[in-house]
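The values are calculated or read from the model by the stated rules, or taken from the named source; none is laboratory data. Small disclaimer: the values here were computed from a predicted structure and weren't measured. Here Cβ is always computed from backbone atoms with ideal geometry, including for glycine, and neighbour counts include all displayed protein chains.
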Ligand SMILES: Nc1ncnc2c1ncn2[C@@H]1O[C@H](COP(=O)(O)OP(=O)(O)OP(=O)(O)O)[C@@H](O)[C@H]1O
Ligand SMILES: [Mg+2]
């Protein structure tokens, strides 16, 4: 199916950065690649459209034309958890719409990377969680670990939750979001030993982050669609 869900250890740890790097990597191998971010908060008006920075970056890096409403049907201005915005707007997320949008995108692409919102346990609406969305889409997960103090706890809890749902973690990426992290190597080797799913790479801290440069640190040959996580 070649569609992956990108989740992370937290908000602001590099999900978009790694989603775009994976897209760039597969494009460099000659594939047609796109991305989705079904729900986005913190959007702003540009050329009359509500758009988020994450979605703009995904559109920019992809090599197929992406329709904003298709890849990001739910957009909210306030940078807050989406279930609060859905409640305030008296609206509800329609997972079938996201499934249908994905189905039509899959017809035009070889690979699709879908970025979640915040971390794995973030509720999307009053009734639906990120985990429910992954279940409904039935796609494997790639975990982005934002390498900073506390990331071991966040990474292990996230993996436990994913495994509890019997979802498939096909790889993880160590993203050096904090260039001053102490004992980086020791933290990294602990995670590498502990997590059975393959580490697809260590992305260094990059000034003016560029997904094409970051993609050189990711090894997609290690992706394992059927791996156990621990
Ligand atoms: N390896 C890196 N080196 C330097 N800067 C990075 C790196 N990874 C991400 N960043 C920067 O950190 C910030 C947060 O990254 P990003 O937007 O990808 O996080 P996110 O997890 O997608 O956040 P959100 O939860 O808001 O979607 C961005 O400014 C991004 O450019
Ligand atoms: Mg993001």
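What to note about this one:
- Residues that are more than 15 Å from residue 210 (Cα to Cα) and surrounded by 14 or more Cβ atoms within 10 Å (Cβ to Cβ), drawn from segment 43-62: 43, 50, 51, 52, 55
- Of the listed requirements (1) surrounded by 13 or more Cβ atoms within 10 Å (Cβ to Cβ); (2) under 27 Å from residue 224 (Cα atoms); (3) more than 15 Å from ligand 1 (Cβ to nearest atom), residue 70 misses just one: (2).
- In the set (1) under 16 Å from the mean Cα position of the chain (by Cα); (2) in a helix (DSSP H, G or I); (3) away from ligand 1 (no atom under 15 Å from the Cβ), the condition left unmet by residue 104 is number (1).
- Segment 17-56: number of residues that are within 15 Å of ligand 2 (Cβ to nearest atom), in contact with a helix residue (DSSP H, G or I) (Cβ under 7 Å, 6 or more places away or on another chain) and more than 18 Å from residue 77 (Cβ to Cβ): 7
- Among residues of segment 204-215, those that are touching a residue at least 24 places away in the same chain (Cβ under 8 Å) and surrounded by fewer than 16 Cβ atoms within 10 Å (Cβ to Cβ), counted: 3
- Taken residue by residue, segment 143-159 has no member that is touching a strand residue (DSSP E or B) at 6+ places or on another chain (Cβ under 8 Å), on the phi < 0 side of the Ramachandran plot and surrounded by fewer than 17 Cβ atoms within 10 Å (Cβ to Cβ).
- Qualifying residue in segment 139-147 (condition: at pLDDT 95 or above and more than 16 Å from ligand 1 (Cβ to nearest atom)): yes
- Among the conditions (1) touching a helix residue (DSSP H, G or I) at 6+ places or on another chain (Cβ under 6 Å); (2) surrounded by fewer than 18 Cβ atoms within 10 Å (Cβ to Cβ), residue 94 misses just one, which is (1).
- Each residue in segment 99-121 was checked for being surrounded by fewer than 18 Cβ atoms within 10 Å (Cβ to Cβ) and more than 19 Å from residue 68 (Cβ to Cβ), and 2 of them qualify.
- Identification of strands (runs of 3 or more DSSP E) wholly contained in segment 1-76 with 1 or more residues that are closer than 17 Å to residue 146 by Cβ and in contact (Cβ under 8 Å) with a residue 40 or more places away in the chain yields 3-8.
- Test: residue in segment 164-187 that is within 16 Å of the chain's Cα centre (by Cα), buried (at least 17 other Cβ atoms within 10 Å of the Cβ), within 16 Å of ligand 2 (Cβ to nearest atom) and within 19 Å of residue 5 (Cβ to Cβ): yes
- Residues of segment 177-199 classified as under 14 Å from residue 155 (Cβ atoms) and in contact with a strand residue (DSSP E or B) (Cβ under 7 Å, 6 or more places away or on another chain), total: 7
- Residues of segment 107-127 classified as assigned to a loop (DSSP other than H, G, I, E, B) and touching a residue at least 40 places away in the same chain (Cβ under 8 Å), total: 13
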